[in-house]
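Colleague: Here's a structure for you.
The values are calculated or read from the model by the stated rules, or taken from the named source; none is laboratory data. Quick caveat, the model's predicted, so the values are computed rather than measured. Cβ sites come from the backbone with ideal geometry, for glycine too, and all protein chains shown count toward neighbours. In case anyone asks, the SASA skips ligands and DNA or RNA and just uses the protein heavy atoms, side chains included. Shrake-Rupley method; radii C 1.70, N 1.55, O 1.52, S 1.80 Å.
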Amino acid sequence: MRKKIVAGNWKMNNDLAETEALLQELKKQVIPEQVSVFVAPAYTNLQHAFESLRDHPIAVAAQNMHQSDHGAFTGEVSAAMLTSVGVKTVILGHSERRAYFAEDNALLAEKVNTALQHEMTVIFCIGETLQERKEGNYFEVVTKQLEESVFHISEKDWPHIVLAYEPVWAIGTGETASPQQAQEMHEKIRSIVASTYTESIADSVSILYGGSVKPENATEIFGQPDVDGGLIGGASLNAQSFMEIVNAFV
Ligand code: PGA
């Protein structure tokens, strides 16, 4: 059975007090046993979130990290720094990092390697832009992202990888991929993992959907056979809507 996962990507939202307030709301909720839940606050609040959630099933993830272990990289944060404050999961390859911070497939491959060396779990984001969707080459775009950033890893590393399909045109836009569009892409992703590695690795990797997931559409999206959960932006900033999404699996 593949792991069901819902991860909240808080992006550059919530100062310390707001982080604590949202965590308090979330901590009152019962987390269903079959769902792994993550929240990804800003760097400055990771340690606090980890301490606050110490006896709680919600785990903490980082939104990014640098590929080097240490050095003269002003403003950056390393894998060792994250693990030293209890953070063992990192989101890499988010389209906002790719678009606004020029993170390309080769750089992301380095980040994946560094995270794995530090025994972290990677939630790796892939997805096409609106133009690529319109041009009809979205399978190729996503395949290339995987080939150039993830498919160099060894079979034994796959238990540390979660994939997140996030069509760029659906992120923060209110526009969601239809459940059929999500399923089509997720099935494709699983099939290329199977042909590059093994059926068993493809069967075991959780593939999340991200892009305007809301309580109203989560059940239908999560109901698709190859969708194993979601990476949630806007709707994760409110405890009630996030929990409705966490509880959307049927
Ligand atoms: P959204 O963001 O849910 O606000 O569309 C998703 C994401 O960027 O991971």
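Colleague: Which peptide among 241-248, 148-155 comes first, and what is the full order, when sorted by highest mean count of other Cβ atoms within 10 Å? Intermediate results must be reported in sequence, preceding the final value.
Modeller: Working: 241-248: 21.4, 148-155: 15.4.
Ranking, from highest mean packing down: 241-248, 148-155.
Colleague: Longer than 20 Å from Cα to Cα, which of K156/K188; K88/K156; K3/K111; K11/K214 are they? Say none if no pair is.
Modeller: Numbers: K156/K188 22 Å; K88/K156 17 Å; K3/K111 23 Å; K11/K214 17 Å.
Going by Cα-Cα distance, K156/K188; K3/K111 fall outside the 20 Å limit.
Colleague: Also, quick follow-up: Within the set of other residues whose C-beta is less than 10 Å from the C-beta of H66, count the net charge using Lys and Arg as +1 and Asp and Glu as -1.
Modeller: Working: positive: K111; negative: D69, E76, E110.
It works out to a net charge of -2.
Colleague: Then there's this: Report the Cα centroid-to-centroid distance between segment 172-231 and segment 8-87 in angstrom, as an integer.
Modeller: If we compute the Cα centre of each part, the gap is 24 Å.
Colleague: Moving on to the next point. Note the full-extension length gain between T198 and E20 as 0.36 nm times their separation in residues minus their Cα-Cα distance, in nm to one decimal. Don't skip to the answer; put the middle values down first.
Modeller: Working: separation 178, 0.36 × 178 = 64.08 nm, distance 4.23 nm.
Extra length from T198 to E20 when fully extended: 59.8 nm.
Colleague: Using a simple charge model, +1 on the beta-carbon of Lys and Arg, -1 on the beta-carbon of Asp and Glu, nothing else, what dipole does the chain show about its Cα centre, in debye to the nearest 20?
Modeller: Numbers: 18 positive and 33 negative charges, 64 e Å.
I would put it at about 300 debye.
Colleague: Summarise the accessible area of the chain (1.4 Å probe, protein heavy atoms) by the percent that is carbon and sulfur.
Modeller: For the chain, the apolar C and S fraction of the accessible surface comes to 51 percent.
Colleague: Return the calculated 222 nm mean residue ellipticity for the chain, to the nearest 500 deg cm²/dmol, obtained by summing -39500 (n - 2.57) across DSSP H runs with n ≥ 4 and dividing by the residue count.
Modeller: Using -39500 (n - 2.57) per qualifying helix, the result is -11500 deg cm²/dmol.
Colleague: Please state the shape class of the chain: rounded when a/c is under 1.5, otherwise prolate if a/b exceeds b/c and oblate if not, all from the C-alpha gyration tensor.
Modeller: On the way: a/c = 1.44, a/b = 1.11, b/c = 1.30.
Because its axes are fairly even, with a/c under 1.5, the chain counts as rounded.
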